[in-house]
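Note sheet for the following structure.
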Amino acid sequence: MSETSRNSLRNILAFAAAVEVGTGLVLMIDPTIVVTLLLGTEVASAGTLLGRFFGIALLALGLGCWPSWQRGESAWQAFRAMLIYNVLIALYLAYLGTAGHVGGLLLWPGVALHAVVALLLMSTCRGKPRIGATNE
């Protein structure tokens with residue numbers, strides 16, 4: 001992987017990690033803000049608890065994928081985790097907005113953000129034989 005691609009990957013991972021850390025912190029503090037803006041619905045007491053669980057998970061994902069200056073397999077593990085998360089959350093949010101008929105002010109921007117991050121992550125590895133390769 002070229003130095004330019006490596007730097008691009010670090011920048012994209014840093015951006016995606018920062019978004020997830022921020023979202024996770026807001027979910028931990030007050031899940032109703034995120035749920036209202038994202039889904040346009042209210043949150044019951046159990047939803048608040050689950051929202052905080054999800055916030056903790058997003059915080060852990062963001063911190064776990066924060067790019068380090070080390071090279072090797074740990075960078076690829078962070079890449080894979082963030083790519084899988086962004087692809088799946090974009091698809092699920094799009095499903096909720098279409099088939100689930102829910103949506104708040106930030107639903108479609110959220111779909112777009114996660115789809116763009118996934119595409120950017122995939123574009124940094126164009127020409128790589130496989131995602132898990134450790135040849136640096």
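The values are calculated or read from the model by the stated rules, or taken from the named source; none is laboratory data. All figures in this text were calculated on a predicted structure; none of them were measured in a lab. Accessible surface areas use protein heavy atoms only, side chains included; no ligands, DNA or RNA. Shrake-Rupley method; radii C 1.70, N 1.55, O 1.52, S 1.80 Å.
Helix 3-29 versus the longest principal axis of the chain: what is the Cα-based angle in degrees, 0 to 90, to the nearest 10? Computed tilt is about 20 degrees. Heavy-atom accessible area for Val116, with the other protein chains in place and a 1.4 Å probe, reaches approximately 80 Å².
Normalise the Cα radius of gyration of segment 43-111 by 2.2 N^0.38 Å (N = residues in it) and let me know the number. Don't jump to the answer; show the numbers that get you there.
Numbers: Rg = 14.9 Å, N = 69, 2.2 N^0.38 = 11.0 Å.
For segment 43-111, the normalised Cα radius of gyration comes out at 1.36.
Each listed q (0.09, 0.15, 0.21 Å⁻¹) maps to a log10 I(q)/I(0) for the chain from the Debye sum over equal C-alpha point scatterers, namely -0.29, -0.74, -1.21. The phi-based Karplus calculation (6.51 cos²θ - 1.76 cosθ + 1.60; θ = phi - 60°) puts the 3J(HN,Hα) values of segment 87-97 at 5, 5, 6, 5, 5, 5, 5, 5, 4, 4, x Hz, whole numbers, x for Gly and Pro.
Computed log10 I(q)/I(0) for segment 2-60 at 0.14, 0.18 Å⁻¹: -0.45, -0.61, from the Debye equation with unit scatterers placed on every C-alpha and solvent omitted.
Legend: residues Thr23, Thr4, sorted from most to least accessible area (1.4 Å probe; ligands, DNA and RNA excluded), read Thr4, Thr23. Defining a contact as two alpha carbons under 8 Å apart and six or more residues distant in sequence, what relative contact order in percent does the chain show? RCO, the chain: 32 percent.
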